[in-house]
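Derivation of every value follows stated rules applied to the coordinates shown; laboratory data play no part. Keep in mind it's a predicted model, so treat the numbers as computed, not measured. Glycine also receives a Cβ, built like all others from the backbone with ideal geometry; neighbour counts cover every protein chain displayed.
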Amino acid sequence: MDRIVLDASALLAMMQDEPGGDRVAAMLLDPRKTALVSTLNWSETFDRLLRAGVPEDTIELLLSRIGAQTVDFDPEQAKIAAKLRLTSPALSLADRACLALAIAHKATAWTTDKAWARVRAGVVIEVLR
């Protein structure tokens with residue numbers, strides 16, 4: 001089974017019907033794939049939707065229906081994310097958390113952030129736009 005780690009930008013693309021979001025939606029429906037989301041990326045998604053004026057209960061409903069498995073940001077991922085700061089200083093903590101989760105689970109990281117195309121983190125990165 002293929003594991004895909006979703007960055008907040010990938011989740012938001014799907015939820016807001018932006019380019020690349022259709023690929024996320026299709027992947028979530030594929031029984032051969034497992035979607036993982038770091039709790040930091042979950043928080044970032046929640047934050048962005050709140051700031052866009054989406055009511056909290058609506059966000060909770062939307063996120064619960066996605067079907068992605070949330071994974072707590074643990075000490076192993078924290079260490080990986082810290083090391084990624086040395087090689088990719090422009091990435092945010094949430095970006096590095098997504099990559100750390102992908103590294104820890106030997107998964108592919110999905111994002112819409114084009115800057116990730118230059119990142120070398122030892123995992124496959126799929127830029128959706």
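Connecting C-alpha atoms closer than 10 Å in a GNM of the chain, tell me which of G67, G21, G53 has the biggest fluctuation. Taking springs between Cα atoms under 10 Å, the residue moving most is G53. Rounded to the nearest 0.05, what FRET efficiency do D17 and D72 give with R0 = 35 Å and r taken as the Cβ-Cβ distance? Could you check? Computed FRET efficiency for D17 and D72: 0.75.
What is the spin-label model distance, in nm, from R65 to R120 if the labels are put 7 Å beyond Cα along the C-beta direction? Placing both labels 7 Å along Cα→Cβ, they lie 4.3 nm apart. Length available on full extension from E56 to T87: 0.36 nm per residue minus the Cα-Cα distance, which gives 7.6 nm. For the stretch 19-98, the list of trypsin sites (Lys or Arg not before Pro) that fall in a loop by DSSP and count at most 13 other C-beta atoms within 10 angstrom reads R32. The H on the amide N of R3, modeled in the peptide plane, is under 5 Å from the matching H of T34, T108, each at least 5 residues off or on a different chain. Under the membrane-span-like helix rule (DSSP H runs whose alpha carbons stretch at least 15 Å along the helix axis, mean Kyte-Doolittle hydropathy -0.5 or higher), the chain yields 75-87, 93-104.
Taking 17 Å as the straight-line reach from the Cα of K83, the aspartates and glutamates in range (excluding those fewer than 8 positions away in the same chain) are D74, D95.
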